[in-house]
Amino acid sequence: MSFKNVYILFFTLFTAVSISAQDAELTTTVSKNKLGVNQRLKIEFTINKQGADNFVPPNFQNFTAQGPSSSISQSWVNGKASYAQTYIYVLQPKKTGTFTIPAATIEYKGKTLSSNTIQITVVSASEIPKDVNDPSYIASQNVLLTTEISKTSPYVGEGIYVVYKLLFSEKIGLSDWRMNEIPQYNGFWNQELEVKAVDVKKITYKGEKYRSIILKKALLIPQKSGKLTIDPIDMNISVNVPTGRGDFFGNAITRRVNHSTASARRVVNVKELPILGKPDGFTGAVGEFDFIITSSKDILRANETTQINVEVNGQGNLKLFEIPKITTPIELEVYTPERTEKVSTNSRGLSGKVLDNYTVVPEYKGKYKIPEVTFSYFNPKLNEYITIVADPLIIDVIGGKELPTNTNENSGTKQTSVVTATNNFRYIENKTTFVSAKKDDFFKSNLFYALLFLPFLAIPLGIFLGKKKAQRDGDLVGNRLRKADRLAKKYLSEAKKQLGKKEAFYIALEKALHNFLKAKLNIETSDISKEKITSILQDRNVDETTITEFVEVLNDCDFARYTPTTNVMMQAEFDKAKMVITKIDKQV
């Protein structure tokens, strides 16, 4: 016996052993689980063992059956042998409805094997393709794009999760895909979520088995009530469709076709937040939150600084509502708060915290109360509003000047009579024989008398200046304005020194602008807003160009800290601020 014959014998014996090692199984598969009453489907019954006989098909009582035709396939792939004998029928439904195709049977080694049952849904008539074997038609029947939404009836401000998926049957393969049009989310605040890698998963969709790939996902927060539309996703997909033929090694030969499809357009019914029970001061917070107010120092000296943090943390629309503002006594210098956001985005929504940081500088010693602050939000899980009240803060200033008060200087005084004694004055001789030795003697000279009466003249002047000083010390608003004017000049000078140091420069420049406003317009620092600045400057007849330039400088101070800035840009910003301050000073 030749070596070639020995190899063939060995291969045949090994293949037989491999096939016999598998359990015998009869399975039923269909080309589709849902079809129109005027369409057809293909049903296949496959036995994986050679030698099975006496195949008995099920009763196709709700269908007209054509067949059977049969095929036998045997292959050897990666050291594993496989065998399959298939009985094929083509079914035409007789009526609409949902029907179950019973099990088929076959005998193998004296045992009767039964296949699985299949459920078929028949709907009204559909357009019949010209050729059911056309690769383009096969691709269209085995590729789907879906849009999944976590909640279809959210409240305004409540986050929902949208996922676009590509589904394709196990009967075909994909080689490439490309998005033609990115969906728009009109009426929603949206944040794209990262899809790190292609992850193929097996799923069942409407009773049929598919493989799925997540293409795109996003967090959406509706900004208004009513019906909002989520646009579909449109794609071009390269599909590998089996031709029904195999190569020399038994691998299926496929044909690549281009297929265009789109997901369904989805509609979300957004509910308005309840009017009943809505608290005063509600600013649109929706989710689950906590509200905290803290200070870095409760006890400090005059002109020291303390930081007051107003923080909202939790999960919800963290970036889309206003944080409550604190109210401070007039004796405390308070600067515009700095906003800090530490928020992450995931499939559950926005989570983290946002806070406003106030810098407070006291001028006079004493105890100052910052009143309690309330924060309200709507909890969509409980369908109710919740209000949190933060306790008041006490700032104890233990050093510094006393807080001046206006007092009546004449109050509390008592007039007394002056009693003159008769013996107090005696007669003094008014003629003498004294002769001065020097004509230019200092005694009784003009300078002598001037210096003699100068203290008497200083007394009313001192009284007058003392009254003016007391009046000036009691003018709290005036003192604050004069101090702000000095600080504006100081910080503008400081900003010039900090040219080249971005952070320090813009902080000093912003403080100079704020204190200039206080000095010229009597605006409290904590109340400064661009809208209020514009309104007050218009009332003072400042021209629109100058107002726009001033607001632009303030905006530049906010944004320049987080963007690349050169020394030339900082010098230009300084010159612009100086020019605008000069213009406003002249016009006001």
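The values are calculated or read from the model by the stated rules, or taken from the named source; none is laboratory data. All figures in this text were calculated on a predicted structure; none of them were measured in a lab. Glycine also receives a Cβ, built like all others from the backbone with ideal geometry; neighbour counts cover every protein chain displayed.
Of everything listed in (1) surrounded by fewer than 12 Cβ atoms within 10 Å (Cβ to Cβ); (2) under 21 Å from the mean Cα position of the chain (by Cα), the single unmet condition for Phe282 is (1). Answer yes or no as to whether Asn59 is out of contact with any strand residue (DSSP E or B) (no Cβ under 8 Å at 6 or more places or on another chain), farther than 24 Å from Thr112 by Cβ and either part of a strand (DSSP E or B) or not aromatic (Phe, Trp, Tyr) (or both). For Asn59, the condition - out of contact with any strand residue (DSSP E or B) (no Cβ under 8 Å at 6 or more places or on another chain), farther than 24 Å from Thr112 by Cβ and either part of a strand (DSSP E or B) or not aromatic (Phe, Trp, Tyr) (or both) - is not met.
Which of the residues that make up the range 86-105 are part of a strand (DSSP E or B) and either in contact with a Lys or Arg (Cβ under 9 Å, 6 or more places away or on another chain) or of a type outside the set (Val, Ile, Thr) (or both)? Within the range 86-105, Tyr87, Ile88, Tyr89, Val90, Leu91, Gln92, Pro93, Gly97, Phe99 qualify.
So that you can scan it fast, the table gives a plain yes or no per residue for (1) under 30 Å from Ile394 (Cα atoms); (2) surrounded by 13 or more Cβ atoms within 10 Å (Cβ to Cβ); (3) free of Cβ contacts under 8 Å to residues at least 12 places away in the same chain:
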site: His259; (1), (2), (3): no, yes, no
site: Arg266; (1), (2), (3): no, yes, no
site: Glu272; (1), (2), (3): no, no, no
site: Gly287; (1), (2), (3): no, yes, no
site: Ala302; (1), (2), (3): yes, yes, no
site: Thr306; (1), (2), (3): yes, yes, no
site: Leu320; (1), (2), (3): no, yes, no
site: Pro324; (1), (2), (3): yes, yes, no
site: Glu333; (1), (2), (3): yes, yes, no
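Considering only residues in the range 334-368 that are under 12 Å from the mean Cα position of the chain (by Cα) and farther than 28 Å from Lys530 by Cβ, the one that is modelled with the lowest pLDDT turns out to be Asn346. Among the residues of the range 223-236, at least one is among the polar types (S, T, N, Q) and in contact with a His (Cβ under 8 Å, 6 or more places away or on another chain). Residues considered: Pro371, Pro380, Pro362. Of these, the only one that is outside the structural domain of Glu158 (by TED's automatic domain parsing) and in contact with a Pro (Cβ under 6 Å, 6 or more places away or on another chain) is Pro371. Among the residues of the range 69-121, just one is aliphatic (A, V, I, L, M), over 28 Å from Lys34 (Cβ atoms) and under 55 Å from the mean Cα position of the chain (by Cα), namely Val77.
Among the criteria (1) closer than 30 Å to Met179 by Cα; (2) without any contact (Cβ under 8 Å) to a residue 40 or more places away in the chain; (3) not in a strand (DSSP E or B), the one Ile253 does not fulfil is (3).
Would the range 169-178 turn up any residue that is part of a loop (DSSP other than H, G, I, E, B) and polar (S, T, N, Q)?
Looking for residues that are part of a loop (DSSP other than H, G, I, E, B) and polar (S, T, N, Q), one finds at least one in the range 169-178, hence yes.
With (1) of a type outside the set (A, V, I, L, M); (2) touching a residue at least 12 places away in the same chain (Cβ under 8 Å); (3) in a strand (DSSP E or B) as the list, and Gln184 as the residue in question, which single condition is left unmet? Here Gln184 clears every test but (3).
Exactly one residue out of Pro102, Pro57 is surrounded by 14 or more Cβ atoms within 10 Å (Cβ to Cβ), under 12 Å from Leu26 (Cα atoms) and at pLDDT 90 or above, and it is Pro57.
Selection of the range 534-584 for residues being at pLDDT below 75 and buried (at least 16 other Cβ atoms within 10 Å of the Cβ) yields Ala560, Thr565. Using the structure shown, decide if Val198 is among the hydrophobic types (A, V, I, L, M, F, W, C) and either at positive phi or in a strand (DSSP E or B) (or both). When the stated conditions are applied, Val198 does not pass them.
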